[in-house]
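Q: My questions will all concern the structure given below.
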Amino acid sequence: MQNEKITVGVLALQGAFIEHEQMIKSLGANTVELRQKSDLDQKIDAVILPGGESTVQGKLLNELDMMEPLKAMIKAGKPVLATCAGLILLAEHIEEDDHLYFGTLPVTVKRNAYGRQLGSFSQNACIAGVTGGEYLMRFIRAPYIAGSTEQVEVLARDAKNHIVGVRYENQLAFAFHPELTGDTRIHESFLNMV
Ligand code: GLN
């Protein structure tokens with residue numbers, strides 16, 4: 001689909017959603033903010049789950065009765081791009097944590113995997129499916145993926161070989177923040193999935 005015909009619903013309850021909206025708009029596609037259940041009734045071709053605080057986002061999703069309808073959209077095949085806290089919301093398992101949010105992505109994530117004290121850092125890596133050379137991955141109190149099933153395609157690893165980017169069917173998820181560096185390649189590849 002041409003970008004100008006695509007509308008991306010960006011979950012806008014908490015965290016870094018504005019930066020995703022700006023990046024999607026800079027690529028010529030449209031965005032709508034998902035703030036309440038009725039926002040899900042609009043024409044939405046794809047969904048972005050932004051970074052922030054997964055516990056807060058999860059609580060709000062439940063309180064606003066948005067968890068189940070969004071989960072149904074993801075399960076039905078709507079393309080979803082999840083970053084950082086968004087990855088935690090998608091994960092089927094969270095290490096040393098009983099929370100389960102969408103649980104549609106067959107991975108185990110480790111929250112705050114680089115240590116609580118380590119606020120943010122950046123690393124370069126090649127990302128599968130992203131052409132044009134290395135990509136600067138910006139991590140902020142990030143998780144990593146501690147385990148995944150064979151069906152999950154690994155797209156990116158950190159310098160210590162931990163998995164930090166995956167694709168599984170319609171779900172694209174990264175532990176870092178592709179909306180914060182000005183490099184639009186990940187969002188472009190996401191729009192190509194629509
Ligand atoms: N540490 C956050 C969490 O566990 C994720 C951080 C982020 O999204 N930048 O939810």
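The values are calculated or read from the model by the stated rules, or taken from the named source; none is laboratory data. Every value quoted in this text rests on a predicted model; they were computed, and no experiment measured them. Counting neighbours? That spans all protein chains shown, and the Cβs are built from the backbone with ideal geometry, glycine included. Accessible surface areas use protein heavy atoms only, side chains included; no ligands, DNA or RNA. Shrake-Rupley method; radii C 1.70, N 1.55, O 1.52, S 1.80 Å.
Q: How many nm is it between the label spots at residue 124 and residue 35, if each spot is 7 Å from the Cα in line with the beta carbon?
A: 4.1
Q: Below 19 Å, Cα to Cα, which aspartates and glutamates can residue 75 reach? Residues fewer than 8 away in the same chain don't count.
A: Correct list for residue 75: 39, 41, 45, 65, 92, 150, 153, 169.
Q: Continuing with this model, one more query. Under the rule of at least 5 residues apart or a separate chain, name every residue whose amide H is placed under 5 Å from the amide H of residue 52.
A: 16, 85, 86
Q: Out of segment 91-194, which trypsin sites (Lys or Arg not before Pro) are coil in DSSP terms and have no more than 10 other C-beta atoms within 10 Å?
A: 116, 160
Q: Another question about this same structure. If I compute solvent accessible area with a 1.4 Å probe over the protein chains, what percent of it on segment 3-192 is carbon and sulfur?
A: Using a 1.4 Å probe with all protein chains present, segment 3-192 comes out at 45 percent carbon and sulfur.
Q: Which of the pairs 37/110; 110/160; 78/160; 71/110; 37/71; 25/110 have their Cα atoms more than 24 Å apart in this structure?
A: 37/110; 78/160; 25/110
Q: Moving on. Select from segment 120-154 those GluC sites (Glu not before Pro) which occupy a DSSP coil region and have at most 13 other Cβ atoms within 10 Å, ordered by residue number.
A: 134, 150
Q: Considering only DSSP beta bridges where both residues belong to the chain, give the percentage that are antiparallel (nearest 5).
A: DSSP beta bridges in the chain are roughly 55 percent antiparallel.
Q: Sorted by mean Cβ packing within 10 Å, highest first, what order do the peptides 63-72, 7-16, 79-88 take?
A: Answer by packing, highest mean first, reads 79-88, 7-16, 63-72.
Q: Given only helices, namely DSSP H runs of n ≥ 4 each adding -39500 (n - 2.57), what is the per-residue ellipticity at 222 nm of the chain, to the nearest 500 deg cm²/dmol?
A: About -6500 deg cm²/dmol.
Q: Send over a whole-number figure in Å² for the accessible area per residue of segment 3-192, probe 1.4 Å.
A: So segment 3-192 comes to 44 Å² accessible per residue, rounded to a whole number.
Q: May I pose another question? Please give me, ordered by residue number, the trypsin sites (Lys or Arg not before Pro) of segment 1-54 that lie in loop per DSSP and have at most 12 other Cβ atoms within 10 Å.
A: Counting only loop positions with at most 12 other Cβ atoms within 10 Å, the trypsin sites (Lys or Arg not before Pro) in segment 1-54 are 43.
Q: Now, a different point. Between segment 115-194 and segment 30-93, what is the separation of their alpha carbon centroids in Å?
A: So the two Cα centres are separated by 18 Å.
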